[in-house]
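Presented below is the structure to which this report refers.
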Amino acid sequence: MKAASASIIAGVVLLLAGVLLLLDALRVLDTALLVWPFIFGASGAAFLAVFSRSRTNWWAAIPGFVLLGLAAVIATTQLWPASAGDWPGSLFFLFISAGFAAVYLRERSNWWALIPCGVLLTLALVVALPPALDGTPVAAVLFLGLAATFAALTLTPERMKWPLIPAAVLAVLGLSFAFQSAVNFRTMEYLTAVVPLVAGLCLLYYAFHTRRSGNAHTGSAVADPMKPGLGDAHGGH
């Protein structure tokens, strides 16, 4: 890390420490509650500074956002313990998801980062749901979020097709739970039959499509033996 960057980070940390000590001296805020959030926040900011320096430092985004998430969760639970509820857990999942999103946005070849990003974002939504929504609505959000995660992989520059299979299966599960939560209908009795059918159809379609594409590519590369070559066309003259 360059001396200028280190000086900026150290200056910001000292400035924040001075503000907290001043608020404590004025009896405005009990800074003892913010010691650990301050430590975690400063450590996370240091990792993000490393992340911003080079494209090869994409890994630093994960611990950076994890530490910032810990700082945010501890600060909210310490300052507003009565109204915190369950949303600090959702906030923590959002911070970790943002870390993996930063990994993908920095280096687009890291498409794998979209999977934990989508999973953690889905968990954040599940945790943020009202307590009254229990059972099938939670399952619907979970499976539909996972389906959207795998479907997003098809939009990467690699244009992968295999994520469509788990996306389709998870979408069927999510829609089944959503339909069951919307109307009083016993879809779970038929779910054990529908899911294998849909999964089998997706696998067969993928296999035949891959084989047809391979045969078409091979056939175009092999010359037709019935067509005369250039030498045969001029051989009789």
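The values are calculated or read from the model by the stated rules, or taken from the named source; none is laboratory data. Bear in mind the structure is a predicted one, so any value in this text is a computation, not a measurement. Neighbour counts are summed over all protein chains in view; Cβ atoms, including those assigned to glycine, are modelled from backbone coordinates with ideal geometry.
Which number in (1) surrounded by 15 or more Cβ atoms within 10 Å (Cβ to Cβ); (2) out of contact with any Cys (no Cβ under 8 Å at 6 or more places or on another chain); (3) among the hydrophobic types (A, V, I, L, M, F, W, C) marks the one condition that residue 80 misses? Looking at each condition in turn, residue 80 falls short on (1). Using the structure shown, decide if residue 101 is under 30 Å from residue 42 (Cβ atoms) and either part of a helix (DSSP H, G or I) or not basic (Lys, Arg) (or both). So residue 101 fits the description; yes.
The residues of the range 166-195 that are surrounded by 10 or more Cβ atoms within 10 Å (Cβ to Cβ) and at pLDDT below 75, listed by number, are 181, 182, 185, 187, 188, 190, 191, 194, 195.
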